[in-house]
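The values are calculated or read from the model by the stated rules, or taken from the named source; none is laboratory data. Keep in mind that what you see is a predicted model, and the values were worked out from it rather than measured. Cβ atoms come from the backbone with ideal geometry, glycine included; neighbour counts cover every protein chain shown.
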Amino acid sequence: MGLSVCVKKRLKGFSLDVSWEIGDELAVLFGFSGSGKSLTLQLIAGLMKPDSGAIKANGSTYFDSERHINMSPQKRSLGYVFQDLALFPHMTVRQNILFGAKGVAQHEKTERYRELMEAFHVSSIENRRPSEISGGQKQRVAFARALMRRPDVLLLDEPFSALDAPLRIEMREFLKELRSNFQVPVVLVTHDAVEAASLADSIIVYSEGAVVQGGAVTKVFGNPADERVRRLLAGQENIFQSICKQL
């Protein structure tokens, strides 16, 4: 399994031109806000159309400008967790999770639902609505919904940014556990350096719509490619040294 992205997209006042690929790993798109990370996820998901390039996942071509291929978002085998989680407030936890199962056979849907409810420890709240559960529970429900279709790739757009520090740490550990139980390539967007260093198998550093460095955590944080990367890591040296000793 893997994901290959080579796209260009011009918007008013901004130009994105990136190329990278990952295997069965958790890759972090890392950089300052406005560098094109979330835009890249939208292009992968088909929520926006690139001007040119190609996007391929697990042997399927989602987009190819030369071959005039542009698969609809509904047909792309992707799980997507948005920054605001995008849970439906009028639906129960059960209904929210099952909403992610469109196109899944009924017998598989039931089995998959029970598997995820148990794995994410949310069985006791399946009849509650989002307003009736905690922030951590909402996170788990959003992840369960994203995994209902057994996606080829899981896209995470700063899903922990609105959480307070203790819950954020808890959710990072949850994501590590998820990676060990569900083998699927993950692309995580963040501009939090500690989050990037503690979670990533590989890091792809963005700056002003371009990739300026990529590789393993120790390589990127231990040997910044240029001044742009060094600015991103400013003041984090001690934390990185501590994290890298654990890798």
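Filter segment 36-92 down to residues that are aromatic (Phe, Trp, Tyr) and out of contact with any Phe, Trp or Tyr (no Cβ under 8 Å at 6 or more places or on another chain) and give me whichever is nearest to GLN139 (Cα to Cα). My answer is PHE82. Here is the figure for segment 112-124: residues that are under 15 Å from THR92 (Cβ atoms) and surrounded by fewer than 19 Cβ atoms within 10 Å (Cβ to Cβ) total 2. There is no residue in segment 133-153 that is surrounded by fewer than 22 Cβ atoms within 10 Å (Cβ to Cβ), free of Cβ contacts under 8 Å to residues at least 12 places away in the same chain and not in a loop (DSSP other than H, G, I, E, B). When only residues in segment 57-77 that are closer than 30 Å to ARG129 by Cβ and under 17 Å from the mean Cα position of the chain (by Cα) count, which is surrounded by the most Cβ atoms within 10 Å (Cβ to Cβ)? That would be ARG76.
Residue-wise test of (1) at pLDDT 85 or above; (2) in a strand (DSSP E or B); (3) more than 30 Å from ASN58 (Cβ to Cβ).
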{"site": "VAL187", "(1), (2), (3)": "yes, yes, no"}
{"site": "GLU195", "(1), (2), (3)": "yes, no, no"}
{"site": "ILE203", "(1), (2), (3)": "yes, yes, no"}
{"site": "THR218", "(1), (2), (3)": "yes, no, no"}
{"site": "ALA234", "(1), (2), (3)": "no, no, yes"}
{"site": "ASN238", "(1), (2), (3)": "no, no, yes"}
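Pairing each residue of segment 5-23 that is closer than 28 Å to ASP201 by Cβ and without any contact (Cβ under 8 Å) to a residue 60 or more places away in the chain with any residue that is among the acidic types (Asp, Glu) and assigned to a strand (DSSP E or B), provided the two are 6+ apart or on different chains, yields C-beta distances under 9 Å for VAL5/GLU21; CYS6/GLU21; VAL7/ASP17; LYS8/ASP17; LYS9/ASP17. Among residues of segment 88-114 that are within 19 Å of GLN74 (Cα to Cα), those with a Cβ under 9 angstrom from a residue that is exposed (fewer than 11 other Cβ atoms within 10 Å of the Cβ) and not β-branched (Val, Ile, Thr), sequence gap 6+ or separate chain, pair up as LYS102/GLN74; GLY103/GLN74. So, of the residues in segment 33-56 that are touching a strand residue (DSSP E or B) at 6+ places or on another chain (Cβ under 8 Å) and in a helix (DSSP H, G or I), which turns out to be surrounded by the most Cβ atoms within 10 Å (Cβ to Cβ)? Of everything passing the filter in segment 33-56, THR40 is surrounded by the most Cβ atoms within 10 Å (Cβ to Cβ). Give segment 1-30 a look and list any residue that's touching a Pro at 6+ places or on another chain (Cβ under 8 Å), part of a strand (DSSP E or B) and loosely packed, with under 15 Cβ neighbours inside 10 Å, or say none. None - no residue of segment 1-30 is touching a Pro at 6+ places or on another chain (Cβ under 8 Å), part of a strand (DSSP E or B) and loosely packed, with under 15 Cβ neighbours inside 10 Å, so the list stays empty. Considering (1) under 16 Å from the mean Cα position of the chain (by Cα); (2) free of Cβ contacts under 8 Å to residues at least 60 places away in the same chain; (3) in a loop (DSSP other than H, G, I, E, B), the lone condition that PRO159 does not fulfil carries the number (2). You will find that of VAL28, VAL5, the residue that is farther than 30 Å from GLY135 by Cβ and aliphatic (A, V, I, L, M) is VAL5 and no other.
The residues of segment 78-98 that are surrounded by fewer than 16 Cβ atoms within 10 Å (Cβ to Cβ) and either under 19 Å from the mean Cα position of the chain (by Cα) or basic (Lys, Arg) (or both), listed by number, are GLN83, ASP84, ALA86.
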